[in-house]
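Participant: Sharing a structure with you now.
The values are calculated or read from the model by the stated rules, or taken from the named source; none is laboratory data. Treat the numbers as computed from the prediction; the structure is a model and nothing was measured. All Cβ positions, even for glycine, are placed from backbone atoms using ideal geometry, and neighbour counts span all protein chains on display. The area values use the complete protein model at the heavy-atom level, side chains included, leaving out ligands, DNA and RNA. Shrake-Rupley method; radii C 1.70, N 1.55, O 1.52, S 1.80 Å.
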Amino acid sequence: MLFVCATPIGNLGDVSRRLLETLAHVQYIACEDTRHTLKLLSHHEIKGPRLLSLHEHNQAQRVQELLPLLRDGADIALVSDAGTPLISDPGFALIRACRDEGIAVTAIPGPSAALVALVLSGLPTERVLFTGFLPRRRDQVAGLLDDASRVHATLVTFESPRRVRRTLEALAELAPEMEVALCRELTKVHEEVITGSPAAV
């Protein structure tokens, strides 16, 4: 069986008993970065599962290696570096292949950076448009803003720390009156939520 496991987005204590039991039980863990996952396992004193990298550059090849293991009855956990796999992270190809072959897939729910940011933002939560990482082109960002305004939704996005200032400057030009919440270091000691207009943030 394939277990799609949400892992902490910052604080390593944000795990469920079910997650720890699953990670200790499986024979393999397919992870975005084996070094990152090893820190989580070491913190919780879990030994035994073999770690296999599964990232955007090797996803197709790794799926072909994991499918025979799953067919033969192995239990495999799929994790990303932080949060819920597939949410702007690799893993879709593996889940799709399992579904196509009738291999059982279940989820171990848990942390999600997008949801944590949304509830801390103070912005409306009734209707949400999640876009993953923002596109680089300004016209595409403008299109997303238009989509969100047409459906009266709070737009939730990820952004690289290296690009956040440029993105806020673009938002200040495209939608100067919009309310923005910038959330960083979520669940960690230096967690911060900055709110206001794009220019103020």
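Participant: Is it the case, given these coordinates, that D89 is at pLDDT 95 or above and out of contact with any Cys (no Cβ under 9 Å at 6 or more places or on another chain)?
Facilitator: Values: at pLDDT 95 or above: no; out of contact with any Cys (no Cβ under 9 Å at 6 or more places or on another chain): yes.
It is false that D89 is at pLDDT 95 or above and out of contact with any Cys (no Cβ under 9 Å at 6 or more places or on another chain).
Participant: Can you pull out the residues in the range 50-102 that are without any contact (Cβ under 8 Å) to a residue 40 or more places away in the chain, among the polar types (S, T, N, Q) and over 16 Å from C5 (Cβ atoms)?
Facilitator: Hits for the range 50-102 are N58, Q59, Q61, Q64.
Participant: Does T37 qualify as being out of contact with any helix residue (DSSP H, G or I) (no Cβ under 7 Å at 6 or more places or on another chain), more than 24 Å from G132 (Cβ to Cβ) and of a type in the set (V, I, T)?
Facilitator: Values: out of contact with any helix residue (DSSP H, G or I) (no Cβ under 7 Å at 6 or more places or on another chain): yes; more than 24 Å from G132 (Cβ to Cβ): no; of a type in the set (V, I, T): yes.
For T37, the condition - out of contact with any helix residue (DSSP H, G or I) (no Cβ under 7 Å at 6 or more places or on another chain), more than 24 Å from G132 (Cβ to Cβ) and of a type in the set (V, I, T) - is not met.
Results for (1) in contact (Cβ under 8 Å) with a residue 24 or more places away in the chain; (2) of a type in the set (G, A, S); (3) in contact with a strand residue (DSSP E or B) (Cβ under 7 Å, 6 or more places away or on another chain); (4) not in a strand (DSSP E or B), shown as yes or no for each residue.
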position	(1), (2), (3), (4)
V4	yes, no, yes, no
V15	yes, no, no, yes
L19	yes, no, yes, yes
L23	yes, no, yes, yes
A30	yes, yes, yes, no
T37	yes, no, yes, yes
L41	no, no, no, yes
G48	yes, yes, no, yes
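Participant: Just to be sure, is T154 among the polar types (S, T, N, Q), modelled with pLDDT of 85 or more and open to solvent by 30 Å² or more (accessible area, probe 1.4 Å)? Lay out the reasoning, then the answer.
Facilitator: Values: among the polar types (S, T, N, Q): yes; modelled with pLDDT of 85 or more: yes; open to solvent by 30 Å² or more (accessible area, probe 1.4 Å): no.
In short, no.
Participant: Which one of these is of a type in the set (A, V, I, L, M), part of a loop (DSSP other than H, G, I, E, B) and under 20 Å from the mean Cα position of the chain (by Cα): L182, L155, L186? Steps first, please.
Facilitator: Details: L182 fails: part of a loop (DSSP other than H, G, I, E, B); L155 fails: part of a loop (DSSP other than H, G, I, E, B).
When all the criteria are applied, what remains is L186.
Participant: Of the conditions (1) open to solvent by less than 50 Å² (accessible area, probe 1.4 Å); (2) within 18 Å of the chain's Cα centre (by Cα), S197 satisfies every one except a single condition; which number is it?
Facilitator: Of (1) open to solvent by less than 50 Å² (accessible area, probe 1.4 Å); (2) within 18 Å of the chain's Cα centre (by Cα), only one is false for S197: (2).
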